[in-house]
Ligand code: 5GP
Ligand code: ZN
């Protein structure tokens with residue numbers, strides 16, 4: 001399957017991975033939109049929040065986010081899921097944006 005995030009997960013494409021466990025990886029976004037911009041990605045290929053069975057996987061992504069925020073001492077942050085192309089999803093492999101480090105993050 002020609003999925004860039006599957007390739008990153010399988011180390012077939014380069015990325016700056018900052019966390020990895022059996023179910024998820026976190027790596028730096030190639031085009032950061034905040035001083036801190038990580039992508040929290042399940043190893044399993046699933047398209048989006050709208051996909052069947054995403055709830056359990058998303059719960060695990062949140063668990064990983066809380067752990068990494070504590071580890072990196074990032075107290076305040078924004079979490080974003082783009083769901084579908086019209087909402088700005090460009091990579092059809094579920095991912096959670098972790099953004100921090102700037103007042104411009106307020107919406
Ligand atoms: P989306 O717009 O689908 O919610 O977010 C996709 C994100 O993935 C974008 O912020 C984009 O910069 C990032 N991205 C796309 N391709 C790559 C890549 O090959 N490596 C990394 N590290 N980030 C990528
Ligand atoms: Zn994939």
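The values are calculated or read from the model by the stated rules, or taken from the named source; none is laboratory data. Quantities reported herein were computed from a predicted structural model and do not represent experimental measurements. Note that we place each Cβ from the backbone using ideal geometry, even for glycine, and neighbour counts take in every protein chain shown.
Return yes when residue 80 is touching a strand residue (DSSP E or B) at 6+ places or on another chain (Cβ under 6 Å), free of Cβ contacts under 8 Å to residues at least 24 places away in the same chain and either at positive phi or within 11 Å of ligand 1 (Cβ to nearest atom) (or both) and no when it is not.
Yes: the conditions hold for residue 80.
Could you tell me how many of the residues in region 29-50 are without any contact (Cβ under 8 Å) to a residue 60 or more places away in the chain and either surrounded by 15 or more Cβ atoms within 10 Å (Cβ to Cβ) or near ligand 2 (Cβ under 9 Å from one of its atoms) (or both)?
Residues flagged as without any contact (Cβ under 8 Å) to a residue 60 or more places away in the chain and either surrounded by 15 or more Cβ atoms within 10 Å (Cβ to Cβ) or near ligand 2 (Cβ under 9 Å from one of its atoms) (or both) within region 29-50 amount to 11.
Checking residue 75 against (1) away from ligand 2 (no atom under 15 Å from the Cβ); (2) in a loop (DSSP other than H, G, I, E, B); (3) loosely packed, with under 14 Cβ neighbours inside 10 Å; (4) modelled with pLDDT of 95 or more, only one condition comes out false. Which one?
Status for residue 75: all satisfied but (4).
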